[in-house]
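Report on one structure; see the data block that follows.
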Amino acid sequence: MTIAVEEKRIRSLFERVETVEDVACSLAEDDERRARLLAVSNSELAAEATIRPVIAGRLLGLSEKTIRTWAAEGVLPVIQHKPRLLLDVRGVHVISHILRELRSQCKDRDLLDEVWRRLNDVALLERADLKESIEQMRQGQGRVLRPLRKE
């Protein structure tokens, strides 16, 4: 399959997934339909499975060299290293969201560091212990600790 055909197919997939995600995000977080729609979009991405660095670069507006660097740094998840590098299409999709947001804020420098920080933030927010702590804080549970005054 040529790069142009593959790029067109992946772009179309991303557009379909974005449409489903937009509808899902218009629903309340506790709405079961939202979860079902997001599961459908995730399964569509999972069905594609992998993407070549050259295609990922075109979709993300980055050079292939940058894509390979980001993969080596662990920002883009790699599915296969040999005989050729293949990236996880779901990871590329997540990065596309982050890059779109950063670019909308006119941030176009040090993208690797910015994306890395965003991915770390998302990973932290998905931790069960942090979710529990945040929920306890919202409910007013726990106690406030303040430093002692120096007298």
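The values are calculated or read from the model by the stated rules, or taken from the named source; none is laboratory data. If you're wondering where the values come from, they're calculated on a predicted model, not measured in any experiment. Glycine also receives a Cβ, built like all others from the backbone with ideal geometry; neighbour counts cover every protein chain displayed. To get the accessible areas, we keep the full protein, side chains included, count just its heavy atoms, and leave off ligands, DNA and RNA. Shrake-Rupley method; radii C 1.70, N 1.55, O 1.52, S 1.80 Å.
Counting only alpha carbon atoms, the long axis of helix 128-138 and the longest principal axis of the chain meet at about 50°.
One quarter of the convex hull surface built on the alpha carbon atoms of the range 1-42 amounts to 2.9 nm², the projected area averaged over directions. Diagonalising the gyration tensor over the Cα atoms of the range 73-134 and scaling each eigenvalue by 5 before taking the square root yields semi-axes of 23, 19, 9 Å, largest first.
For the range 101-119 versus the range 24-86, the spacing of their alpha-carbon centroids is 17 Å.
Put a plus charge on the Cβ of each Lys and Arg, a minus charge on the Cβ of each Asp and Glu, and nothing anywhere else: the dipole of the range 17-98 about its Cα centre is then about 620 debye. Spin-label model, Cys106/Arg33: points 7 Å from Cα along the beta carbon direction are separated by 3.9 nm. Residues whose amide H lies under 5 Å from that of Thr50, counting only those 5 or more places away or on a different chain, are Val89; hydrogens are built 1.01 Å from N in the peptide plane. Rounded to the nearest Hz, the phi-derived 3J(HN,Hα) couplings of the range 119-125 under the Karplus curve 6.51 cos²θ - 1.76 cosθ + 1.60 (θ = phi - 60°) are 5, 5, 4, 4, 4, 5, 5, where x marks glycine and proline. Checking (1) 0.96; (2) 1.31; (3) 1.01 against Cα Rg over 2.2 N^0.38 Å calculated from these atoms, the matching label is (2).
Pick out, in residue order, every one of the GluC sites (Glu not before Pro) in the range 17-78 that is DSSP loop and has at most 12 other C-beta atoms within 10 Å; say none if there are none. Those that pass, being in a loop and sparsely packed, are Glu29. What's the longest uninterrupted piece of the chain once you rule out the trypsin sites (Lys or Arg not before Pro) that are loop residues per DSSP with at most 16 other Cβ within 10 Å? Within the chain, the longest run free of exposed trypsin sites (Lys or Arg not before Pro) spans 1-83.
Over the chain, DSSP H runs of length four or greater, each weighted -39,500 (n - 2.57), average out per residue to a 222 nm ellipticity of -21500 deg cm²/dmol. By a 1.4 Å probe calculation restricted to protein chains, Ser12 has an accessible surface near 50 Å², given to the nearest 10. Sorting Val54, Val5 by accessible area puts them as Val5, Val54; the probe is 1.4 Å, largest comes first, and only protein heavy atoms count.
Taking the longest Cα principal axis of the chain as reference, the axis of helix 64-73 is set at about 40 degrees. Averaging the sequence gap over all C-alpha pairs within less than 8 Å and six or more residues apart, then dividing by the number of residues, gives the chain a relative contact order of 15 percent. Considering only Ile51, Thr69, Ala128, the residue lying farthest towards the positive end of the dipole of the chain is Thr69, judged by Cα position with unit charges set on Cβ.
Three principal axis extents of the range 11-88 based on alpha-carbon atoms, in descending order, are 42, 22, 22 Å. What you get for the chain, charging only the Cβ of Lys and Arg (+1) and of Asp and Glu (-1), is a dipole of about 420 debye around the Cα centre.
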